[in-house]
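Please treat every number below as a calculation from the coordinates, not as lab data. What you see is a predicted model; the values in this text were computed from it and never measured. Glycine also receives a Cβ, built like all others from the backbone with ideal geometry; neighbour counts cover every protein chain displayed.
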Amino acid sequence: MFLTLIRRELLDNLMTFRFAAAVVIMLLLVVANTVVLIKDYEGRLADYNTAVKNHRQELLLENKTYSDGMLSFWGTIILDRPPNPLSIFNTGLDKRLGNEIRVSHIFTPTIWDANKHAADNPYFNILTSIDIVLIFQGILSLLALTFAYDAIAGEYEHGTLRLVLSHPVRRGYILFAKYIGAMVCLFVPLLMSLLLALILLTTSTMITLDTDDFLRIGGIVLTSLIYLSLFYLIGMLISAITRRTSTALILSMFVWGFLVLVYPNMILTAVDTAPQAAPEPAAYHQIKRMWEELERKRDQFLRNDPVPGEGWGFDIVDMEGRDFIFSGGDDKPSKLLYYTYVGSEFETIDEKSEPQVRHAQNFYGFIGPLTVNTVERTWLIRKPALETIYVEPANRGRMLLKFSPAGLYDAATEAWAGTDLNGIQDFFRAAQRYRQAVVNHFYDEKIFASRQWFSSDQGAVDWDTLPQFSFQRSDIGINAKRALPDLFLLLTMNIFLFIAIFLVFIKSEV
Amino acid sequence: MIWHITKRELYDHLNSLRFAFTTVLLIGLMIVNAIGYLGEHTAQSTAYQKKVSASLDKMRSNADSLYNLLTEGPGPLYKKPCPLSFCANGGETFIPESADGVGEGLFMTSSRFSINTTWRMKYPQSNPSLWDLMPDYTNVDWGDIISIALSLVAILFTFDTISSEQERGTLRLTLSNSISRGTVLVSKFLAALITISIPFLIAVLINLFLLYTSGSVPLAASEWGQLGVIVFIAFVYVSIFLGLGLLISSRVSSSSTSLTILLLIWVVWVVLLPTTIGALTSGLQPTMTHNELAARQQSLASRFFEQYDELWRKTPSREIPATEETLLWSKYLTEDARDNEKLNEEHLDAQIAQVQFAISITRISPASSVRYAIESLAGTGFTRHVQFLEQVRRYAGEFRTFLTETDRADPESPHALGPKEGTSQKPVRFESIPKFEDRISFSEAYNAAATDILLLLLFFVVLFAGAFLSFIRVDV
């Protein structure tokens, strides 16, 4: 009996015009947008490859000494964040946040210190393109509602419900059959469009997806299915309560408008207009004081060392009689970034200056570890302060978004794709670990106190001896862990709605 | 008779559930819009004033010698924020707010002389919100409300006007009276238009009341005029979708099919075309990629290097008339600034052409047209940016002429603009320097919007004529 019911529902839905329309809409939207998104991704990947090549070249060309590579502003060690191929499904923050970060022992790299490599035509961003998840989020949910609004109300109106119930069929079975029938029908356009998107993805030679990526896409499909079912159930509940198709339809449309269009923008406008952090947070002054302490210690060292004068060039001159010393810093209160550095750079060293070299080595052997130490201490303050100022309001906004299923869906798929804040942070955590590895390498090889720190007269630095940076996106297990809470919430909503529909339907008179 | 039927339809609509929901939806959206833009304009204006005065202060300090003005240029030129940005923010996060007229600083120094480059125009590319971790969202503007919400509402009010009367048989009843079908159609159209305009106008008034009384948006007579035209455009746009709804509703006998077709068209027009088509066309009108730009800058530099390889041995001097060596320096520095600026402008023009081509393609959707029309009228968006850039170029010319003429007026200068020795070093009266002021031209705003308004009217006429023809042939 149950199977008969399902078959009836399935045929009912499949033969309708709206099923054909749903398939056409989804195919049209997904294919057109996938083409655009793939092009965009390929562009970003090409930019990334160029940037990696250029950064490497500049590092090798411009830097002869360690202090040059660490301190100067030109051609230093720069790490590039590769674009995420799954950003085609959900762009998230992948495209927007910075994608090149400088690594140096004088500061801890974070999202806020990152830059972006140039794009061909940034004006083009005003023609925003939408990603696949956004299509599902907006349009597929609308389709689910058009399938659901007359599921129960329609049968009331036609009187067919009375007919069905005159048979010995449980009401729960009828509901379940309707649900299954419609979900299968909705799943068809979803799957077809996704398959086409995947085919398009595989035709692109620049995009390579591994097994984990396919599992992640599987996660996105699963989440989409649950999200779709949620909207179908919302429509069904409205249909069961109102009992009139025209009322149910109008009500469904407005509920959709509210959940998908109004609520997300409204709540974020409200959060965004909330009071902003002070331009110079208290933590910034604390950080600045630590660096000033470092400067005091440096000056004290220079006063106490056996060399007269308090310069850090130690009057070393090269063959042509030049002495080249540099100092600088960065002062960005809004990013809580503050640091100062001193250094010098020589290509050749005059023989007469040779005795000074030992003192310079001593000094840089002292100031290097002291700087690293100061960075570590300021990081203890900077990290929580950045969290409070930037991450927490953003997370609050994300939390509030989750009151709408659209927000939950977006968050879950972002987590699967790895384009959420955590996914981006992964890269910067890797950059921080890499910086630590470089610093450790400096300690191990006693590079701070080496001659090569400031002079290339005995050969330029071989940058290949440095630890190599590699970044792997987090594995599927972590993606799943990040996505599961939201997925679970969506599932719970589904169950609650189903129970509610069941209760309404059971009590209603035919 | 037409008013009689309109009145009947109107009562029907006003008592319906969808009217109540429309009211709530539109008022809610308009309030969200007002709250989102409450302090926006004041903050933008203050920031603008601050930046402009900083730029002018710099210019004042450079005015102590003409040479400084020549090397430093007029400084960054800023775009004035528009009070009507709440109507359409026009993707402003993606559009830069300034153009820079600056020099590159020190070019060459030796014991004999020191040379700074001459100023040239540069066009920065916007790189918005690099450390904003907030999830993406749109600060809802009138453009969104009109193009998305209002069109959906228009569809919901018309999808069953004719098909449901057919289903219920009331259409036969109405037409059995001596009424022309045209009258019925027009009155149905008018009723729906009036029904939608009531909550829309209320929402607009609430929105303007909030913005106006909070003092955050100064609205002068011209702004009220623009707002009036924007509301008119909204009516034309709604009429398009009403016409579409009537057309489909009279072609299809069942309401649910009619709704499905309408939603399909709505999705294509409002969601698909404005976003996707534009991006798809980028390949048809290729721009100068940044690698290409870098390569051309490189080749320009090496061309100069070859052409002027003797330059560094020549010493400019203050002799009058200018020596051959001073003139050579002057020639080089002028050419360097001119050719690099030309390259920057070529790059910018290619980018603009690409975007304008994409924009004109997206106009096949009325949702894009209405958005561009509102943007033009509100003085935001890409059209406005192009107007700003035109003013910048005109001003750059003025500034350059001013430098040449002031130098010519100085008898102690060798009139070889470029190197310090060849240029007048007299202080310049700050007041006499032309200043850049971004003017928002209303006639240009209306002109830019005119094409889109005409396009929208055309859409309306075609769809309404279609609805009329198909309603005439409906079998009752």
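Axis of helix A:392-401 versus longest Cα principal axis of chain A: the two differ by about 10°, to the nearest ten degrees. Note: relative contact order over chain B, using C-alpha pairs below 8 Å and six or more positions apart, is 26 percent.
Which entries in B:LYS50/B:LYS435; A:LYS332/B:LYS79; A:LYS332/B:LYS80; A:LYS335/A:LYS383 show an alpha-carbon gap greater than 20 Å? List each step's numbers first, then the result.
On the way: B:LYS50/B:LYS435 16 Å; A:LYS332/B:LYS79 25 Å; A:LYS332/B:LYS80 27 Å; A:LYS335/A:LYS383 11 Å.
Listed pairs above 20 Å: A:LYS332/B:LYS79; A:LYS332/B:LYS80.
Excluding same-chain neighbours fewer than eight residues apart, the lysines reachable from A:LYS53 by a Cα-Cα span under 17 Å are A:LYS116.
With a Förster radius of 35 Å, plug the Cβ-Cβ distance of B:LEU284 and B:SER110 into 1/(1 + (r/R0)^6) and report the FRET value to the nearest 0.05.
On the way: r = 51 Å, r/R0 = 1.45.
So, using R0 = 35 Å, E works out to roughly 0.10.
Between helix A:245-256 and chain A there is an angle of about 10 degrees, using the helix long axis and the longest principal axis of the Cα atoms. The alpha carbon radius of gyration of chain B, expressed as a multiple of 2.2 N^0.38 Å, is 1.30.
How shielded is B:134-145 by partner chains, expressed as the average number of their Cβ atoms within 10 Å of its Cβ atoms? Write down the numbers at each step before the final one.
Numbers: counts 13, 17, 10, 11, 6, 5, 6, 0, 0, 0, 2, 2.
Mean shielding by partner chains, rounded to a whole number: 6.
Given a Förster distance of 56 angstrom, what is the FRET efficiency for B:GLU310 paired with B:GLU431, based on the Cβ-Cβ distance and rounded to 0.05? With R0 = 56 Å, the Cβ-Cβ based efficiency is 0.85. On the beta carbon distance between B:SER65 and A:ASN373, with R0 = 45 Å, the FRET formula returns roughly 0.40.
Phi angles of the stretch B:462-470 translate, via the Karplus equation with coefficients 6.51, -1.76, 1.60 and θ = phi - 60°, into HN-Hα couplings of 4, 5, 5, 4, x, 4, 4, 4, 6 Hz per residue; Gly and Pro are given as x. Placing +1 on the Cβ of every Lys and Arg and -1 on the Cβ of every Asp and Glu, with nothing else charged, gives chain A a dipole about its Cα centre of roughly 2700 debye. Each label was represented as a point 7 Å from its Cα along the Cα-to-Cβ direction; for A:THR160 and B:TRP224 these points are 5.8 nm apart. Using only Cα coordinates, the Kirkwood hydrodynamic radius of the stretch A:1-137 works out to 18.7 Å. Helix A:421-444 axis versus longest C-alpha principal axis of chain A: approximately 20°, rounded to the nearest ten.
Evaluate peptide B:274-284: per residue, the Cβ atoms of other protein chains within 10 Å of its Cβ; return the mean as an integer.
Values: counts 3, 9, 12, 3, 6, 13, 7, 1, 8, 1, 0.
Mean shielding count: 6.
Pull out a ≥ b ≥ c, the square roots of the eigenvalues of the alpha-carbon gyration tensor of the stretch A:367-444, then state rounded if a/c is under 1.5, prolate if not and a/b is larger than b/c, and oblate in the remaining case. Let's see the in-between values first.
Numbers: a/c = 7.53, a/b = 2.16, b/c = 3.49.
In terms of gyration-tensor shape, oblate.
Once both labels are positioned 7 Å from their Cα atoms along Cα-to-Cβ, the gap between B:LEU300 and A:GLU295 label points is 3.9 nm. The mean count of C-beta atoms from other chains within 10 Å of the C-beta of residues in A:114-121, rounded to a whole number, is 6. Shown for the protein assembly as shown is the translational diffusion coefficient from the Stokes-Einstein equation, using the Kirkwood radius over Cα pairs, a temperature of 25 °C and a viscosity of 0.890 mPa s: 76 µm²/s. For the stretch A:402-415, 3J(HN,Hα) computed residue by residue from phi via the Karplus equation (6.51, -1.76, 1.60; θ = phi - 60°) reads 6, 6, 9, x, 4, x, 4, 4, 4, 4, 5, 5, 4, 5 Hz, glycine and proline entered as x. Entry for the stretch A:211-308 at q = 0.25 Å⁻¹: log10 I(q)/I(0) = -1.17, Debye formula applied to identical alpha-carbon scatterers, no solvent contribution. Overall, the anisotropy analysis places the stretch B:183-316 in the oblate class: the square-rooted eigenvalues a ≥ b ≥ c of its C-alpha gyration tensor yield a/c not less than 1.5, with a/b not exceeding b/c.
About its Cα centre, the dipole of the stretch B:345-476 is roughly 320 debye, where the only charges are +1 on Lys and Arg Cβ and -1 on Asp and Glu Cβ. Give the shape of the stretch B:1-98 as rounded, prolate or oblate, defined through the alpha-carbon gyration tensor: a ≥ b ≥ c are the square roots of its eigenvalues, a/c under 1.5 means rounded, and otherwise the shape is prolate if a/b is larger than b/c and oblate if not. Prolate shape, in that a/c is at least 1.5 and a/b is the bigger ratio.
Once the Kirkwood radius over Cα pairs is known for chain A, the Stokes-Einstein relation at 20 °C and 1.002 mPa s delivers a diffusion coefficient of 80 µm²/s. With kT/(6 pi eta Rh) evaluated at 37 °C and eta = 0.692 mPa s, and Rh the Kirkwood radius from Cα pairs, the stretch B:110-264 diffuses with a coefficient of 165 µm²/s according to Stokes-Einstein.
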